[in-house]
Structure formats: structure tokens, C-alpha cells
Amino acid sequence: MKPITYEQALHRLAAHCSRVERCSSDLRKKMTDWELSSSDQEKIIQRLQKEGFLNDERFCRAFVKDKFRYNKWGVHKIAYELKRKQLPENLIQEALQSIDSQEKEEQLKQLLAQKRKTVKGANDYEINQKLIRFAVGRGFGLDEIYRVLS
């Protein structure tokens, strides 16, 4: 891939960030692919943050809200994905606290009720084991799952 200049990268990334929330690690990855120097990468990140195009805290809140409401993910899976994006632990925890525990339990009830219709098993124990595996895969904690199943 042909390397691009500092100005071209700045304009492309500003346009990229204006469409949807992005985090700094995603932009760094993109700039590394473009073969930009690390000093240019830092300058671009700082400028985008200063101008309001890039904000990791805002990204965390939006990510948590979207993945919880639309993808029906649990807290553990959301936290894992945010950690993969190399975001600070304090931002992750702050964003995760915005999830209402009542809403979380209600969503898990709906997910398990919907999944129970399609799960086949010889007995209730087998069905519950499949439901537990499904919910854990979605990122819910075992204590929450047991509470909803009982």
C-alpha cells in the first residue's frame, strides 16, 4: 500500500471519526497500515481529541450501550471486547456501570425464554445446561443465569 502524508491521514481520519464513534487504538492500527511514523500518529490522535472527533470515554459509553441493547451481550463479553481495544480499565468500568441491573436481568430473561423454544434435550437438566452455555457465551455471569433460570 502506498504511504500517505500527514495531512491526508488527518483528513481521512477526521471524516472516519465523524461518521461513527471510534477509539484511539483502531485509528492507530489504521495509521500503522498507512505506514505513518509513530510521532505523526501521536500528533494526529492529539489533534483529533482536541477538536472533538475522538474521545475514548464517549466511545466506551456508546459501545456499551449498543452492544447491550442491540447485540444483547452481557457485561463480561462487552468488557472483554473493550479490553481488546486497549482502553483503560477505569473507562471500561465507568461505562459498564451505566447498565441498569434490572434491565440486565430482564434482557437475560427474554434471551433465555426465546432460546428455550429452540433448545432440545432429553430432560430439564440437559436443556438448562444448554441454556447456561448459551448465556455464558453471550457474556452473562453464572450467578445471574442461575438466578433467572430458577
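The values are calculated or read from the model by the stated rules, or taken from the named source; none is laboratory data. Since we're looking at a predicted model, the values are computed, not measured. All Cβ positions, even for glycine, are placed from backbone atoms using ideal geometry, and neighbour counts span all protein chains on display.
Below is a table of values for the structure above.
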read-out	value
Residue among ARG116, ARG138 that alone is under 14 Å from HIS76 (Cα atoms) and among the basic types (Lys, Arg)	ARG138
Single residue of the range 83-117 satisfying the filter (of a type outside the set (Asp, Glu) and over 21 Å from GLU144 (Cα atoms)) that is surrounded by the most Cβ atoms within 10 Å (Cβ to Cβ)	LEU87
All positions within the range 26-41 that are exposed (fewer than 14 other Cβ atoms within 10 Å of the Cβ) and in contact with a helix residue (DSSP H, G or I) (Cβ under 8 Å, 6 or more places away or on another chain)	THR32
Meets criteria (farther than 21 Å from LEU142 by Cβ, touching a residue at least 12 places away in the same chain (Cβ under 8 Å) and part of a helix (DSSP H, G or I)) for ILE45	yes
Options LYS120, LYS72: the member that is surrounded by fewer than 18 Cβ atoms within 10 Å (Cβ to Cβ), outside the structural domain of LEU10 (by TED's automatic domain parsing) and without any contact (Cβ under 8 Å) to a residue 24 or more places away in the chain	LYS120
Qualifying residue in the range 15-27 (condition: more than 23 Å from ARG84 (Cα to Cα) and of a type in the set (A, V, I, L, M))	yes
Complete set of residues in the range 6-23 that are surrounded by 12 or more Cβ atoms within 10 Å (Cβ to Cβ) and touching a helix residue (DSSP H, G or I) at 6+ places or on another chain (Cβ under 9 Å)	TYR6, ALA9, LEU10, ARG12, LEU13, ALA14, HIS16, CYS17, GLU21, ARG22, CYS23
Single condition ILE44 does not satisfy, out of (1) buried (at least 19 other Cβ atoms within 10 Å of the Cβ); (2) farther than 22 Å from ILE145 by Cα; (3) under 16 Å from the mean Cα position of the chain (by Cα)	(3)
